[in-house]
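One structure is given here, and the rest of the page talks about it.
Bear in mind that the values in this text are calculations on the coordinates, not laboratory data. Only a predicted model underlies this, so the values are computations on that prediction, with no experimental measurement involved. Cβ sites come from the backbone with ideal geometry, for glycine too, and all protein chains shown count toward neighbours.
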Amino acid sequence: MSRDDPFAGGAGPRLFRIDRELEAVIVDAQCRDWAADRPDRVGFARLGQARHEVFTAAQRYRAARHAVDLPTLLVVVVVWPAVVAVLLPMADTTNPLVLAGVLVAGGWAALIAALGSFRLRRLRAGRARVGAAPIDDPYLYAALRRRIESCAVAARNDTSHRRRAAAADLEYALDWLAAAQDELPRGA
């Protein structure tokens, strides 16, 4: 995949993608554990530890500002002026309190539209069917190991001491990943 190319840029976004992938794998492993006749809680617990270390390393790359959700921002930018434009001709423009009420009503309408847009996207994402479960991928551990190692190399070469510390977290994640792989059933 081109997005996981180790030379494609910073390690932060790649770490967050690895974290999301590990989360899906852990949920699948946990569901299988609960449905099994002989539960094995060690496997997904070790994967959980690996995810925790990857998430800790990813947090070291997080900027102080929050990421802006572009579709939600577009909904707010379109709905707020539209509602104000519709209500303004009907309002008494000489009274500043009425004008403030129109602006507040536009803001509330924009927030409600943004919430509806977010929930609609979340509903569509929940209905989307994917292929096989991530835990069934025979190359899962090898691919995760390669991607985490490339992020650790990028972290070691970073100029920020905070981001260089992420390399140690990723080494712990690799250790937990190897331990989780050792716990796989011998028939797999």
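General remarks:
- By average C-beta atoms within 10 angstrom, highest first, the peptides 115-124, 74-83: 74-83, 115-124
- Separation in nanometres of the label points that stand 7 Å from Cα toward Cβ, at ARG124 and ARG156: 4.3 nm
- Sequence ranges 97-105, 142-150, 43-51, ranked by mean other-Cβ count within 10 angstrom, highest first: 43-51, 142-150, 97-105
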